[in-house]
Amino acid sequence: MHSALLAPEVQEFLRINEHTPLSTFILKGSPFPEITIQELAQQLEGRRKVKDKLPLWYDTAGILFPPKINIEQTSSEATARYKAQLMSGTTLADGTGGFGIDSYYFAQQVDEVTHIEMNAEVSAFAKANYSSLGVSNVKCIVGDSIAYFAENERHYDTIYLDPGRRSDVKGKVFMLQDCIPNVPEHLDVLLARCDQLWIKTAPLLDISAGWNALKNVSQLHIVAVRNEVKELLWCVNATPNNASLEVTAMNILKDRNSQVSFSYDALLEAQASFGPPLTYLYEPNAALMKSGAFNWVSERYELTKLHENSHLYSSQALIAFPGRVFKIQAVLPYGKSLRKDLSLSKANISTRNFPISVADLRKKLKIKDGGSDYIFFTRLEDDSLAAIHCQKVE
């Protein structure tokens, strides 16, 4: 990290050039003898990348940015704030500190945070930014966190890890044993140093695979932002836990949050009821879909499921639901007369358990994207193919 980047004239230069194309900016060269144009370009690119993802960092004076790959891999403010609410105790070690977003929010919740990061440059950026952000209860350590926990007998209330998902051999990975650090391999060392271990994994990781790779999992939080699953958070207890795994599906929205919790046993035991499309159609949000609680949704909300593999639900009366809700206008059999029966030139099209892609349906039916009409192409209980024409309930 180059401390000269914090000079007022350098910060002002970056602010003035915030919207200058990066290629044009680099060709201009650096007006500061002690700073290269590459260092300046890294700051300019970093500032642009955090504008929506990390507004606090964007709006705070004196923030320095690491290479873009470190910014791309970091948590958003929305998910970091949610994680911080889950942390307990007075001491926490973030064993994969990175750019320091998670540790910043942990420090709002926990008295003392230890930020451990292997990359000395990234650690320096995080440390400098904590000063700019007015944070004084985070201690930054450069090194391998597994080695640190193995050699240091200090006990923490909580350890948090976000294993790296890039492998020199396999490229992008998501299985726990392929990530760095390999949590399953070092689980005993980690659990010997804390009461509670929180692990963030990629959304692609199968829930049963994560559960089997870890010991004593007590909680799983599936976190989505605006209906896109961003991360899975696993809570592992240092002592055996005989209670059922508690699953929370959280969808963080712009103006509100949608949260649903249930036990994994309830998910396994739930029985769905099946029936035809009625007056309203329900589509679970992405976090709930990732949980696999398809039968539980039917049982819990007293909704009929359209087909075992369609994951769409219906009811006669309108209910509050963690997902999108639509009023059904028509249920049409999929066949030669469908284009004429729909009589739509524009609509939002989705497929669920349907043999034809959205792109091919648009081409075949000559329906453009957009508008206020929604069409769900799906399979019904009797295995017939249908198009359900809806209007969204706001």
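The values are calculated or read from the model by the stated rules, or taken from the named source; none is laboratory data. This is a predicted model, so every value here is computed, not measured. Counting neighbours? That spans all protein chains shown, and the Cβs are built from the backbone with ideal geometry, glycine included. Heavy atoms of the whole protein, side chains included, go into the accessibility calculation; ligands, DNA and RNA do not. Shrake-Rupley method; radii C 1.70, N 1.55, O 1.52, S 1.80 Å.
Brief remarks on what is shown
Rundown of residues vs (1) modelled with pLDDT of 95 or more; (2) part of a helix (DSSP H, G or I); (3) open to solvent by 30 Å² or more (accessible area, probe 1.4 Å); (4) of a type in the set (Gly, Ala, Ser), yes/no style:
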| residue | (1), (2), (3), (4) |
| --- | --- |
| Glu9 | no, yes, yes, no |
| Phe13 | no, yes, yes, no |
| Glu34 | no, no, yes, no |
| Leu92 | yes, no, no, no |
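- Where Lys290 falls short, out of the listed (1) farther than 25 Å from Glu308 by Cα; (2) at pLDDT 95 or above: (1)
- Candidate set: the stretch 46-59, residues that are touching a residue at least 24 places away in the same chain (Cβ under 8 Å) and open to solvent by 30 Å² or more (accessible area, probe 1.4 Å); chosen: the one nearest to the chain's Cα centre (by Cα): Lys53
- For the residues Thr248, Thr239, Thr201, the requirement of being touching a strand residue (DSSP E or B) at 6+ places or on another chain (Cβ under 9 Å), open to solvent by 40 Å² or more (accessible area, probe 1.4 Å) and closer than 25 Å to Asp157 by Cβ singles out Thr239.
- Boolean, Asp341 is more than 23 Å from Phe274 (Cα to Cα), touching a Pro at 6+ places or on another chain (Cβ under 9 Å) and of a type in the set (D, E, K, R): yes
- Residues of the stretch 96-132 classified as among the hydrophobic types (A, V, I, L, M, F, W, C), in a loop (DSSP other than H, G, I, E, B) and open to solvent by less than 30 Å² (accessible area, probe 1.4 Å), total: 2
- When the stretch 374-394 is filtered for residues that are free of Cβ contacts under 8 Å to residues at least 40 places away in the same chain and open to solvent by less than 50 Å² (accessible area, probe 1.4 Å), only Ile375 remains.
- Applying the set (1) within 24 Å of Arg81 (Cα to Cα); (2) among the β-branched types (Val, Ile, Thr); (3) part of a loop (DSSP other than H, G, I, E, B) to Val236 leaves exactly one unmet item: (3).
- Residue count for the stretch 354-369, restricted to those that are buried (at least 17 other Cβ atoms within 10 Å of the Cβ) and out of contact with any helix residue (DSSP H, G or I) (no Cβ under 8 Å at 6 or more places or on another chain): 2
- The lone criterion from (1) farther than 27 Å from Val223 by Cα; (2) polar (S, T, N, Q); (3) surrounded by 19 or more Cβ atoms within 10 Å (Cβ to Cβ) left unmet by Ser343 is number (3).
- Hey, Met289 within 27 Å of Phe377 (Cβ to Cβ) and crowded, with 18+ Cβ neighbours inside 10 Å or not: yes
- Test: Asp255 is within 21 Å of His389 (Cβ to Cβ) and free of Cβ contacts under 8 Å to residues at least 12 places away in the same chain: no
- Count of the stretch 314-337 residues, restricted to those that are modelled with pLDDT under 95 and open to solvent by less than 80 Å² (accessible area, probe 1.4 Å), is 2.
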